[in-house]
Amino acid sequence: MTEPGNQAVQTGGNASAPPDRTELRAKEQLLLEHIRQIATGDQAALGRLYDATNRLVFGLILRILNDTGAAEEVTLEVYMQVWRQAADYDIRRGTPSAWLLMMARSRAIDRFRAGDQERRRAEALDTVTARSTNDISPEEQASETERRRMVQTALAELPPEQRQVIELAYFGGLSHSEISEKLSQPLGTVKTRIRLAMNRLRDALKLLDE
């Protein structure tokens, strides 16, 4: 009489159990492979990394900024930074997920401080002069403003079909296959347009590191 009950409890427990360490390690190893491929110039690997991590990255940024539009822009900047710095990633300093979230948090805080700085500029002079020493410097604020301008300009200059797939992927959170289904276009076409768009964005934004 007691055996069926015991079996049901055991089955239910297994169904609700969190991922074990082996599964988590496997996921991090897959992300590591994506990063290594990105470091060789593989744009498709960047798309795979994005598909696997964008919800986590966007969610963190949105919690910090509480602004969907700004969070979308910063999310794009994070993956552009991944594209530029993948070769510098060192697993001894943290897992791939931790590396991504560190970049996301840093860029989100920079954007938050830049927005706070702009609000402060609109206040009375006596309030502005009482700013906390933790606020970013004028040079940092100018750099952040320029970064946002370059991202917006680079997106605006993309051909419409390339901008559409980039917006669906990076801002809409859709995978390549989901974009293909949504637009009723071959998966290969979607991947090609994303690759071409990423190349154009990379060239437009490479000045950010110079």
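Entry remark, the range 17-51: residues being part of a helix (DSSP H, G or I), of a type in the set (Val, Ile, Thr) and modelled with pLDDT of 90 or more number 2 in total.
Can you name the residue in the range 62-72 that is surrounded by fewer than 21 Cβ atoms within 10 Å (Cβ to Cβ) and of a type outside the set (Val, Ile, Thr) and, of all such residues, is nearest to MET198 (Cα to Cα)? Out of the qualifying residues, it is GLU72. Would you say THR75 is among the polar types (S, T, N, Q), modelled with pLDDT of 80 or more and either surrounded by 15 or more Cβ atoms within 10 Å (Cβ to Cβ) or over 20 Å from LEU101 (Cα atoms) (or both)? So THR75 passes the test. Criterion first (in contact (Cβ under 8 Å) with a residue 40 or more places away in the chain, at negative phi and in contact with a helix residue (DSSP H, G or I) (Cβ under 8 Å, 6 or more places away or on another chain)) does THR75 satisfy it? Yes. For the range 43-61, taking the residues that are surrounded by 18 or more Cβ atoms within 10 Å (Cβ to Cβ) and without any contact (Cβ under 8 Å) to a residue 24 or more places away in the chain, the one that is nearest to the chain's Cα centre (by Cα) is identified as ARG48.
Let's see how each residue does on (1) exposed (fewer than 14 other Cβ atoms within 10 Å of the Cβ); (2) at pLDDT 90 or above:
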| residue | (1), (2) |
| --- | --- |
| GLN85 | no, yes |
| ARG93 | yes, no |
| PRO96 | no, yes |
| LEU101 | no, yes |
| ARG111 | no, no |
| GLU123 | yes, no |
| THR127 | yes, no |
| ALA130 | yes, no |
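If you go through the range 154-175 and pick out every residue that is at pLDDT 85 or above and either acidic (Asp, Glu) or in contact with a strand residue (DSSP E or B) (Cβ under 7 Å, 6 or more places away or on another chain) (or both), you end up with 1.
The values are calculated or read from the model by the stated rules, or taken from the named source; none is laboratory data. What you see is a predicted model, and the numbers here were worked out from it, not measured in a lab. Quick reminder, even Gly has a Cβ in these numbers, built from the backbone with ideal geometry, and neighbours come from all protein chains shown.
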